[in-house]
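Asks: I have a structure I would like to understand better, so I am pasting it below and will then ask my questions one at a time.
The values are calculated or read from the model by the stated rules, or taken from the named source; none is laboratory data. Source: prediction; values computed, not measured. All Cβ positions, glycine included, derive from the backbone under ideal geometry; neighbour counts span all protein chains shown. Only protein heavy atoms, including side chains, enter the accessible area calculation; ligands, DNA and RNA are left aside. Shrake-Rupley method; radii C 1.70, N 1.55, O 1.52, S 1.80 Å.
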Amino acid sequence: MPNKIYLIDVTNRDGVQTAKLGLSKLEKTMINLYLNELGIFQSEFGFPTTRHEIYYLKANLELAEMGVLKPLRLGGWIRAIPEDVEVTFRNVPEIKHLNLSISTSDQMINGKFQGRKTRDDVIREMTEAVDAARACGAETIGVNAEDASRTDIKFLSEFGLAAKEHGADRLRYCDTLGYDNPFTIYDSARILAEKVGLPIELHCHDDLGMAVANSISGAMGVIDGGQDAYINTTINGIGERAGNADLTAIVLAAKKSKDVEKRYDLGGTIKLKLASKISKFASYAFDVPIPINQPGVGANAFAHASGIHADGVLKDPGNYELYSYEELGRGDPIKVETGREIIAGQYSGISGFGHVMGKLEVTFKNREEANEILELVRYANVEAHKPLVEDELKFIAKYPQIAKKLLTMTPLE
Ligand SMILES: [Zn+2]
């Protein structure tokens, strides 16, 4: 089988780590559902060592068990230390996929660990964590080299080989500061694929505006080095500082960029038609507008103003467009009006709620059931601080027990 490119979306991990931004647990769940529908390989769905994530993580693993969140893989992110592995399996014993992260560059070893750790310690802690995760029943283990792009490539290969010896399934190359360029990341990724012999993940940040280009180029290096490549994305490129590689732009680049698709296959079936919807939902949930010039989904992505361009595109869209707006599903609105009625208090009682849900073709067996769903909707509104979208209302009505778990939080006593 020829090697392929797979996508691991990290919106629910790197995205929510973004300063000043966050998502409710229901919103995180909706993102997992949309990623599953879109055909993404894996969602890095959260932090199993964080107490307030526990109910959410368990509820999503339950959805996976029920076949609702399938075939999407749900992967947790933790530090590559045995203590984090222990806490993870105490909190969420059902978890199957993990990425274990540790800094590998001398900059971080000296600057962050301040002489408390050596390169040998980094490898020792990582391998102990991998062993512990395996012993606890983890099915797949990715090992993340944080600040890989500023790490001596020889040491990085050693680190990767040690991970492989201990049974890790993938190595994540993190360009944590967005320091790489398409040429340097191609070389590093190819060397790692060849020397370590594991599938490589590309985790790129956009500090120099090259996250998408670097991800694609890195993936080419991995495949030319004889391994599968896994690109880390976030919806709308949301992530720490300047953000991560944008999901839609990555899919477009893999499919539409000059000669890429001829040699590098995107694995699975990606339903690009959902791109616009998922982008709008994330924008609404994060409360961050989509830039008008965002590839594919921005308001201006298909706007032609100059006389020559407008004339050209009317004669044949291919004159000035690489892809069509229909391909991205533009035009499917995310409606919020029903939620707005509820949050604004204009909803006038259970019969009104029944009417709102009726418009969504959701009916209730009896008044009791309607009351129960309404109560959950109220709680979800409180947590999200905004009206729910139709898909959220439908989700709560269909899976009330799961919704209840998502809305449950028990702080330390
Ligand atoms: Zn990151």
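Asks: With (1) within 15 Å of the chain's Cα centre (by Cα); (2) at pLDDT below 95; (3) of a type in the set (Gly, Ala, Ser); (4) surrounded by fewer than 22 Cβ atoms within 10 Å (Cβ to Cβ) as the list, and residue 39 as the residue in question, which single condition is left unmet?
Replies: Single failed check for residue 39: (2).
Asks: Which residue pairs have Cβ atoms under 6 Å apart, sit 6 or more places apart or on different chains, and have a first residue in region 1-29 that is aromatic (Phe, Trp, Tyr) and a second that is within 16 Å of the ligand (Cβ to nearest atom) and open to solvent by 10 Å² or more (accessible area, probe 1.4 Å)?
Replies: Sorted first by the residue in region 1-29, then by its partner, the pairs are 6/230.
Asks: While we're here: Specify the residue that is farthest from the ligand (Cβ to nearest atom); the eligible residues are those in region 164-177 that are open to solvent by less than 40 Å² (accessible area, probe 1.4 Å) and out of contact with any helix residue (DSSP H, G or I) (no Cβ under 6 Å at 6 or more places or on another chain).
Replies: 170
Asks: Here is a further query. What helices (runs of 4 or more DSSP H) completely inside region 210-301 contain at least 2 residues that are within 16 Å of the chain's Cα centre (by Cα)?
Replies: Once the helices (runs of 4 or more DSSP H) in region 210-301 are filtered for at least 2 residues that are within 16 Å of the chain's Cα centre (by Cα), what remains is 211-224, 247-256, 275-286.
Asks: Look at residue 201 and say whether it is surrounded by fewer than 24 Cβ atoms within 10 Å (Cβ to Cβ) and either more than 15 Å from the ligand (Cβ to nearest atom) or within 16 Å of the chain's Cα centre (by Cα) (or both). Full working, then the answer.
Replies: Numbers: surrounded by fewer than 24 Cβ atoms within 10 Å (Cβ to Cβ): no; either more than 15 Å from the ligand (Cβ to nearest atom) or within 16 Å of the chain's Cα centre (by Cα) (or both): yes.
No: the conditions fail for residue 201.
Asks: Does any residue of region 144-155 turn out to be open to solvent by less than 20 Å² (accessible area, probe 1.4 Å) and away from the ligand (no atom under 14 Å from the Cβ)?
Replies: Checking region 144-155: at least one residue is open to solvent by less than 20 Å² (accessible area, probe 1.4 Å) and away from the ligand (no atom under 14 Å from the Cβ).
Asks: Now for a separate question. If you scan region 204-242, which residues turn out to be crowded, with 24+ Cβ neighbours inside 10 Å, within 11 Å of the ligand (Cβ to nearest atom) and free of Cβ contacts under 8 Å to residues at least 60 places away in the same chain?
Replies: The answer is 204, 205, 211.
Asks: Let me ask you something else. All but one of (1) among the small types (Gly, Ala, Ser); (2) assigned to a helix (DSSP H, G or I); (3) within 19 Å of residue 89 (Cα to Cα); (4) within 14 Å of the ligand (Cβ to nearest atom) hold for residue 133; state the number of the condition that does not hold.
Replies: (4)
Asks: Within region 111-138, track down each residue that is within 26 Å of the chain's Cα centre (by Cα) and over 15 Å from residue 163 (Cα atoms).
Replies: 136, 137
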